[in-house]
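For reference, the structure discussed in these notes is given below.
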Amino acid sequence: MIKIDGSYGEGGGQILRTAIALSCLTGEAVEIYNIRAKRPKPGLMAQHLKGIEAAKRISNADVEGLKIGSTRVVFKPKSLKGGNFRIDIGTAGSVTLILQTVLLPSLAADKETTLEIRGGTDVNWSPTVDYFMNVTLPALRELGVEAEFKLIKRGYYPKGGGEVRVEIVPSKLLGKSFERKDCDRIFGISHASNLPEHVPRRQAEAAKRVLKEAGFDADIKIEVRREFSTGSGITLWCGYKGGSSLGEKGKRAEIVGEEAAREILSELSTNFAFDKHLADQIMAFAAVAKGETFYTTSQITMHAVSNKYVIEKFFGECIEFKENSVRIYGNSILF
């Protein structure tokens, strides 16, 4: 059994998600202890619990410690299966973080997998659905991932209630050397639910103003919804880089737009291929592909350090960090 210290590196949920995903994929039992030890409230929260429950269903696993607040989980997968699965987080927990647990192993299932996930689509401390659709997923497709993502409803903190549908086809992955993409035009979406139309419009206009001052044209769509959850946000993207910001009570719409614009401009100002978030999100996929994957990134984050620790617990030394570059030697599990 592989033993993993959940307090390593950033000491958050990333270690748990990567460990469970690789356990499902390889069939190796895993024990994760000190779960989220560096967080104000250690142990499993609702979205972690639901992610493990989903992984349990797709891999017929036996699990110990599956309860809110648990700081130790033992996960023993049996066999991966495809099919239709509905996951309701029950809170505004992030749907994209759930995907970090179940997308990778679903690529090795015996048939196509459809995931219907209900929770938060645009919440703090996680990739927005628009970032996932327009930055993460296109990069994964270049490795060979066959998956389609559809946003049905948006969910904001604290109510959640967003819905997405993900269709995943068993895939063979091949490593790749990624190069920086030039960005002549930045794309984006500014959205709001149960708020006046001027809110997302002001977010978009503020973002466009900041981007124009930096020399970039922008195509930002406006989305107004009337749904269960109330909130707003904006996500911008170009190639392998993105920026986002979420509205909050008392936070002016202009500030939201400016924050997203400054985030993506910070990434675009470098000559590196990936932004700091994509750099860690792609690591586990590259590690199970055939051949070598190489890219540069604006920052080797603690999430990336944590991912390296977990991945190498399963496969031995296979990842090299050198200044702002990442080289991953795939072990051909998904080929």
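The values are calculated or read from the model by the stated rules, or taken from the named source; none is laboratory data. Note that the structure is a prediction, hence the values are computed from the model and not measured. For neighbour counting, all protein chains shown are included, and Cβ atoms are generated from backbone atoms with ideal geometry for every residue, glycine included. Ligands, DNA and RNA are stripped out before the accessible areas are found, and what is left, the full protein with its side chains, is counted by its heavy atoms. Shrake-Rupley method; radii C 1.70, N 1.55, O 1.52, S 1.80 Å.
Please give the length that would be gained between A46 and F335 if that part of the chain were fully extended, namely 0.36 nm times their separation in residues minus their C-alpha to C-alpha distance (nm, one decimal).
Extending this stretch completely gives an extra 100.7 nm.
What's the ranking of 282-293, 317-328, 73-84 by average number of surrounding C-beta atoms within 10 Å, highest first? Walk me through the numbers on the way to the answer.
On the way: 282-293: 23.3, 317-328: 15.3, 73-84: 17.5.
So the order, starting with the most tightly packed, is 282-293, 73-84, 317-328.
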**Request:** In whole angstrom, note down how far apart the Cα centers of the stretch 184-221 and the stretch 241-294 are.
**Result:** 17
**Complete:** Farthest towards the positive end of the dipole of the stretch 81-218, among V164, T101, T91 and with Cβ unit charges of +1 on Lys and Arg and -1 on Asp and Glu, lies the Cα of T91
**Request:** Please work out the FRET efficiency for the pair E317 and H198, using the Cβ-Cβ distance as r and a Förster radius of 45 Å; give the result to the nearest 0.05.
**Result:** 0.25
**Asked** Given Cα pairs under 8 Å that are at least 6 residues apart, what percent is the relative contact order of the stretch 97-209?
**Response** 29
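Helix-only mean residue ellipticity at 222 nm, the chain, DSSP H runs n ≥ 4 weighted -39,500 (n - 2.57), per residue, nearest 500. What is it? It would help to have the intermediate numbers written out before the result.
Values: 9 runs with 104 residues, N = 335.
It comes out at -9500 deg cm²/dmol, rounded to the nearest 500.
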**Complete:** Other residues with Cβ under 10 Å from the Cβ of S244 give, with Lys and Arg +1 and Asp and Glu -1, a net charge of -4
**Fill in**
Around G6 (Cβ within 13 Å, Cβ-to-Cβ, excluding G6; K/R +1, D/E -1) the net charge comes to +4
**Item:** Helix 46-59 axis, angle to the chain major axis (alpha carbon atoms, nearest 10°)
**Value:** 50
**Item:** Whole-percent carbon and sulfur share, accessible surface of the stretch 226-328, 1.4 Å
**Value:** 47
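Per 0.36 nm of contour for each residue apart, how much would the distance between E292 and R165 grow if the chain were fully extended, relative to their Cα-Cα spacing?
Full extension of this stretch gives 42.6 nm more.
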**Sum of side-chain charges, E227 neighbourhood, beta-carbon under 13 Å (Lys, Arg +1; Asp, Glu -1)** = +3
**Request:** Would you mind telling me the share, in percent, of accessible area of the stretch 1-144 contributed by carbon and sulfur at probe 1.4 angstrom?
**Result:** 47
